[in-house]
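The values are calculated or read from the model by the stated rules, or taken from the named source; none is laboratory data. Everything numeric here is computed off the predicted structure, so don't read it as measured data. Positions of Cβ are backbone-derived with ideal geometry, glycine not excepted, and every protein chain shown enters the neighbour counts.
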């Protein structure tokens, strides 16, 4: 917590608290104006406290960012799903020829597909 007591952070804390206080005071002022008959001030009566909440949200978020990520609950690692083996059939002659070419290329890595004798 000492890192939040540096001059820079103290300034940010003071600015955040001042921003919240100013927004709440502006909301109170708008409420007084609305109670006196200014209809437009009713919208601002709601808006200013929302601004104060937003300043508080940003302040909390900045503090949490400095504190670092929360520890993640360790879960049992998921087992990868493996598809059941499929029996290879040579029903498709084009597929069979392609597979033979791939096997030939794997056996002859220095050759090109155009060199395939099949």
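The table for this structure:
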{"item": "Meets criteria (in contact (Cβ under 8 Å) with a residue 24 or more places away in the chain, touching a helix residue (DSSP H, G or I) at 6+ places or on another chain (Cβ under 7 Å) and in a helix (DSSP H, G or I)) for residue 16", "result": "yes"}
{"item": "Tally, over the stretch 21-46, of residues that are farther than 30 Å from residue 2 by Cβ and either in contact with a strand residue (DSSP E or B) (Cβ under 7 Å, 6 or more places away or on another chain) or surrounded by 14 or more Cβ atoms within 10 Å (Cβ to Cβ) (or both)", "result": "11"}
{"item": "Any hit, the stretch 40-47, residues being closer than 30 Å to residue 118 by Cα and either in a loop (DSSP other than H, G, I, E, B) or in contact (Cβ under 8 Å) with a residue 40 or more places away in the chain (or both)", "result": "no"}
{"item": "Residue within the stretch 29-37 that is out of contact with any helix residue (DSSP H, G or I) (no Cβ under 8 Å at 6 or more places or on another chain), on the phi > 0 side of the Ramachandran plot and part of a loop (DSSP other than H, G, I, E, B) present", "result": "yes"}
{"item": "Hits in the stretch 58-92 (condition: over 20 Å from the mean Cα position of the chain (by Cα), surrounded by 10 or more Cβ atoms within 10 Å (Cβ to Cβ) and at pLDDT 75 or above)", "result": "92"}
{"item": "First in the stretch 68-82 and under 26 Å from residue 3 (Cα atoms), second anywhere and modelled with pLDDT of 80 or more, Cβ under 9 Å, 6 or more apart", "result": "70/64"}
